[in-house]
Amino acid sequence: MAKKKVSEEEIVSENEVVTEKETKKKAASKTTAKTAEKSASKTTKKTSKKEAQPVVEEQVEATPEVKVVEPVAEKSAQEAEEVLEYTIAQKLLSLYNLQQIYSKIDRIRIIRGELPEEIQDLEDAHEGMSTRISNYKEDIDNLQAKIKEQEAKIKEAQALIKRYTEQQDNVRNNREYESLTKEIDYQNLEIQVLEKHKNKFAAEITSKQEEIQTFEAKLAEIAEILESKKNELSVIVAETEKEEAELVEQAEALKVKIEPRLLSAFERIRKNARNGLAIVQIERDACGGCFSTIPPQRQLDIRLHKKIIVCEACGRIFIDHQLVESQNESAE
Ligand SMILES: [Zn+2]
């Protein structure tokens, strides 16, 4: 809390310092050399009690040699007038307008930022599905090989049965006949088992083929979405590149109208703000950036916009609703 408060005072005092200094410079240029001398002696006495820095400044400006002083004073007066033309209200509005442009740029970057990620996810899904299909196809090949194996064994068993049946015609006794019958029965059982395996593998193939069909339908679906997302991205890139460049240009044009110290404070706040908002309005008695409650007296100060006020909790600059509305109305 204490740290945030310091940053607030920093901004406000920075602002006041600039204004004060420029006012003095302006005043200095308009006064004659005589009054400058007088005021110089006064300020020197006065400032001797103050800090060292302002003393040096005042002394330089108030040098009795008029020829040297005049051009310097005139130049700073011009600068002063440029900055002084902007009231606190105007400064706030400049920042507000800059914020609007920045937020638009942020949105473009967010949209563009999400699409490549989505495309990457789709590409991964596409690859995953393709791998699954090829794995299933490999499984089917293996099952088909197994079926062929069973068929070969069945043929072998059938050949044995045929041989044993032929041998039965040439047996010498009953025992030999019985023994061959047993062999034939055994081979018949073997064939049954092999057929069972064969059918099981064939069923597995059928179910895998069905699943492949489902996967292929999904794959086609993914490919279609992927294609449209890729097109979307290229359109967005084409569209937003121009828009973004225009917005950046607008921001640059606006930035030169804002005093550097205020602008750098604004940029610093924006950098630290999670949503990229450095200037906010009050919404339902709370900060529009961090939602902490603003006391009524502070709200009143914000409405008066006599100085730049920042949120004690998050450091964002406040701008009054009515100020924004009056600008929008005059724009219409
Ligand atoms: Zn806040």
query: Do we have any residue at all in region 116-137 that's at pLDDT 85 or above, closer than 30 Å to Ala253 by Cβ, assigned to a helix (DSSP H, G or I) and in contact with a helix residue (DSSP H, G or I) (Cβ under 7 Å, 6 or more places away or on another chain)?
result: no
task: Assess whether Arg274 counts as being within 16 Å of the ligand (Cβ to nearest atom), charged (D, E, K, R) and either closer than 30 Å to Ser130 by Cβ or at pLDDT below 95 (or both).
output: yes
statement: Those residues of region 236-293 which are assigned by TED's automatic domain parsing to the domain that holds Ile319, among the β-branched types (Val, Ile, Thr) and farther than 20 Å from Tyr86 by Cβ amount to Val280, Ile282, Thr293
query: Residues of region 257-266 being surrounded by fewer than 17 Cβ atoms within 10 Å (Cβ to Cβ) and in contact with a helix residue (DSSP H, G or I) (Cβ under 9 Å, 6 or more places away or on another chain), which ones?
result: Lys257, Arg261
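Do the conditions hold for Ser234, that is, is it of a type outside the set (Phe, Trp, Tyr) and modelled with pLDDT under 95?
Details: of a type outside the set (Phe, Trp, Tyr): yes; modelled with pLDDT under 95: yes.
Answer is yes for this residue.
On the given criteria, is Gly289 within 12 Å of the ligand (Cβ to nearest atom) and either part of a loop (DSSP other than H, G, I, E, B) or without any contact (Cβ under 8 Å) to a residue 40 or more places away in the chain (or both)? Give the steps one after another, and end with the answer.
Working: within 12 Å of the ligand (Cβ to nearest atom): yes; either part of a loop (DSSP other than H, G, I, E, B) or without any contact (Cβ under 8 Å) to a residue 40 or more places away in the chain (or both): yes.
So Gly289 fits the description; yes.
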field: Residue count, region 203-259 (criterion: aliphatic (A, V, I, L, M) and within 22 Å of the chain's Cα centre (by Cα))
entry: 10
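What residue, of Leu262, Leu323, Leu304, is free of Cβ contacts under 8 Å to residues at least 60 places away in the same chain, more than 16 Å from the ligand (Cβ to nearest atom) and hydrophobic (A, V, I, L, M, F, W, C)?
Values: Leu262 fails: free of Cβ contacts under 8 Å to residues at least 60 places away in the same chain; Leu323 fails: free of Cβ contacts under 8 Å to residues at least 60 places away in the same chain.
After ruling out the rest, the residue left standing is Leu304.
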- prompt: With respect to Glu166, is the statement that it is of a type in the set (Asp, Glu) and closer than 30 Å to Ile111 by Cβ true?
  reply: no
message: Against the condition part of a helix (DSSP H, G or I), assigned by TED's automatic domain parsing to the domain that holds Ser134, loosely packed, with under 14 Cβ neighbours inside 10 Å and of a type in the set (S, T, N, Q), how does Gln213 come out, does it pass?
response: yes
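The values are calculated or read from the model by the stated rules, or taken from the named source; none is laboratory data. Since the model is a prediction, treat every value here as computed from it, not as a measurement. Cβ sites come from the backbone with ideal geometry, for glycine too, and all protein chains shown count toward neighbours.
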